[in-house]
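What follows is a set of notes on a single structure, which appears directly below.
The values are calculated or read from the model by the stated rules, or taken from the named source; none is laboratory data. Note that the structure is predicted; figures quoted are calculated from it, not measured. No Cβ is skipped: glycine too gets one built from the backbone with ideal geometry, and neighbour counts run over all protein chains shown.
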């Protein structure tokens, strides 16, 4: 495990983008696993700047997003598809055919999840998986209690997750109660994992994830067992490490 601590969120975002950009330059056909959330917005903004100003080329990159809300169409303002388009995809030269995100309104969710898992395997697996961490220790939408053997599937969202995400919706009643997510084993099968966390409110869960026992009660704790884990934190998120 390699832990990098930056002074603040902006520095974290810049460093994270430098690391991702270097991976792309080393392997232009890299398969990236992407997370959606507040923490990654700065990273994606910086990657967009690198494309525009430095010629960082995404033409042969393939991406798989970790998760999506069940029932939200891609053009819904709170869907992860919409967020990825606004924060990254519309700002770089990645072909639309190279972008994979679970489809929220799909009718046969189980079959769609099986297809998603199959496509990941057909593309050779994830080379570099970007991960955020929820306040309850979830990665993707693998909530506490999720099996470490889990693969892409539909999950019921934890009450804390629903409360945490309610700020993005008009009402807590509007927050979807389910999501599709890559499983923990899918994430752990990535060749490298890249965990980002920012803010004092993440300090306690980061300590549990990186220093506590490996337990399904804190799904992110399994990352301690990954052979190639990079963690990047700002000083406030790292204060208990």
With criteria (1) at pLDDT below 95; (2) surrounded by fewer than 19 Cβ atoms within 10 Å (Cβ to Cβ), residue 85 comes up short on (1)
Selection from region 96-110 of residues that are touching a strand residue (DSSP E or B) at 6+ places or on another chain (Cβ under 8 Å) and in a helix (DSSP H, G or I): 98, 109, 110
In region 181-225, the residues that are under 20 Å from residue 128 (Cα atoms) and part of a strand (DSSP E or B): 181, 192, 193, 194, 195, 196, 197
Report, by residue number, each residue of region 31-44 that is at pLDDT 95 or above and either in contact with a helix residue (DSSP H, G or I) (Cβ under 7 Å, 6 or more places away or on another chain) or part of a strand (DSSP E or B) (or both). 31, 32, 33, 34, 41, 42, 43, 44
Residue that is modelled with the highest pLDDT [pool: residues in region 148-171 that are surrounded by fewer than 19 Cβ atoms within 10 Å (Cβ to Cβ) and touching a strand residue (DSSP E or B) at 6+ places or on another chain (Cβ under 7 Å)]: 154
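With the structure loaded, tell me whether residue 122 is surrounded by fewer than 22 Cβ atoms within 10 Å (Cβ to Cβ) and at pLDDT 95 or above or whether it fails that test.
Judged against the criteria, residue 122 is a match.
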Please count how many residues of region 151-179 are within 16 Å of the chain's Cα centre (by Cα) and closer than 17 Å to residue 209 by Cβ. 1
(1) more than 30 Å from residue 119 (Cβ to Cβ); (2) under 16 Å from the mean Cα position of the chain (by Cα): which one isn't true of residue 201, the others all being true? (2)
Condition check: in a helix (DSSP H, G or I), at pLDDT 95 or above and surrounded by 14 or more Cβ atoms within 10 Å (Cβ to Cβ). Does residue 113 satisfy that? yes
Are any of the residues in region 71-81 closer than 22 Å to residue 23 by Cβ, more than 17 Å from the chain's Cα centre (by Cα) and in a loop (DSSP other than H, G, I, E, B)? no
Within region 148-173, tally of residues that are assigned to a helix (DSSP H, G or I) and touching a residue at least 24 places away in the same chain (Cβ under 8 Å): 4
